[in-house]
Amino acid sequence: MNAPIKGAELHIPYSSPEAASLQTVTGWVSRDGRFWGDDEHMARFCGATHRQCKQCEAVEIKIDRLYCDSCLELRRIEKYKAMPREQWDGAALLYLDGTDRYFQDPNEAREYANDKGIDRQGRPICKLHGLRMLDPEVFSRFPFASADSTNIGRNVGIDSAWRGTYTPPTKEARAALMRERIEAHQSLTFWDRQHAPIQESLFGSQQ
């Protein structure tokens with residue numbers, strides 16, 4: 001190939017090997033077929049539905065979250081403890097942590113907390129027991145000190161409910177597996193009544 005003359009117009013024919021060449025490209029591809037090159041994190045983030053909690057790395061959570069409920073509560077407590085302290089001037093509005101509410105004076109905040117059964121940090125003023133509430137969808141929303149259930153006792157003996165390649169061979173193994181799944185979740189430290197109300201009105205919201 002002759003060297004191009006300086007100042008001359010570049011001329012590369014369509015069929016020339018200089019116009020294009022076949023290359024083999026290696027990179028990460030997410031589940032939806034998107035190519036991410038060397039970015040393994042983004043490929044896995046876009047392709048996955050769940051991942052481990054960023055803090056404890058022991059609880060599986062949805063991919064759009066960073067922390068499990070327990071670690072989120074611990075971080076909230078640490079954030080509250082790290083807040084600066086100063087004497088109330090008697091005029092500024094008071095904020096009750098964990099409730100998203102403001103009050104005019106301490107007595108109003110105290111009455112609200114007592115009425116809702118929580119202390120000033122959103123924790124229950126007594127130990128709560130969840131009767132037949134050993135369901136992660138239930139006890140992970142409330143600050144239970146304990147809970148019980150007949151779920152394991154009822155389901156370990158139902159053979160039709162245990163199917164698949166890796167079915168536990170004995171009732172004891174089934175019970176151990178169910179306990180492990182339950183214990184992978186924890187009850188909350190604080191009670192958020194807005195996201196976990198006790199009881200809804202039978203005929204819709206009250207006026």
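Condition check: under 29 Å from Ala184 (Cβ atoms) and assigned to a helix (DSSP H, G or I). Does Arg65 satisfy that?
Considered against the rule, which asks whether it is under 29 Å from Ala184 (Cβ atoms) and assigned to a helix (DSSP H, G or I), Arg65 comes out as no.
Has segment 30-45 got at least one residue that is surrounded by fewer than 10 Cβ atoms within 10 Å (Cβ to Cβ) and touching a Lys or Arg at 6+ places or on another chain (Cβ under 8 Å)?
no
Within segment 31-62, count every residue that is in a strand (DSSP E or B) and within 19 Å of the chain's Cα centre (by Cα).
Of the residues in that region, 6 qualify.
Under 6 Å between Cβ atoms, at least 6 apart or on separate chains: pull out the pairs that start in segment 147-168 with a residue that is under 14 Å from Asp135 (Cα atoms) and end on any residue that is at pLDDT 75 or above and of a type in the set (A, V, I, L, M).
Going by the 6 Å Cβ cut-off, the qualifying pairs are Ile152/Ala175; Ile152/Met178.
Would you pick out the residues in segment 35-82 that are closer than 21 Å to Glu180 by Cβ and of a type in the set (A, V, I, L, M, F, W, C)?
Cys53, Cys56, Ala58, Val59, Ile61, Cys68, Cys71
Among the residues of segment 46-58, is there at least one that is touching a strand residue (DSSP E or B) at 6+ places or on another chain (Cβ under 6 Å), surrounded by 10 or more Cβ atoms within 10 Å (Cβ to Cβ) and either touching a residue at least 60 places away in the same chain (Cβ under 8 Å) or farther than 30 Å from Ala184 by Cα (or both)?
The answer is no; no qualifying residue exists.
Residues of segment 1-41 being aliphatic (A, V, I, L, M) and modelled with pLDDT under 90, which ones?
Met1, Ala3, Ile5, Ala8, Leu10, Ile12, Ala19, Ala20, Leu22, Val25
The values are calculated or read from the model by the stated rules, or taken from the named source; none is laboratory data. This is a predicted model, so every value here is computed, not measured. In this analysis, Cβ positions are derived from the backbone assuming ideal geometry, glycine residues included, and neighbour counts consider all displayed protein chains.
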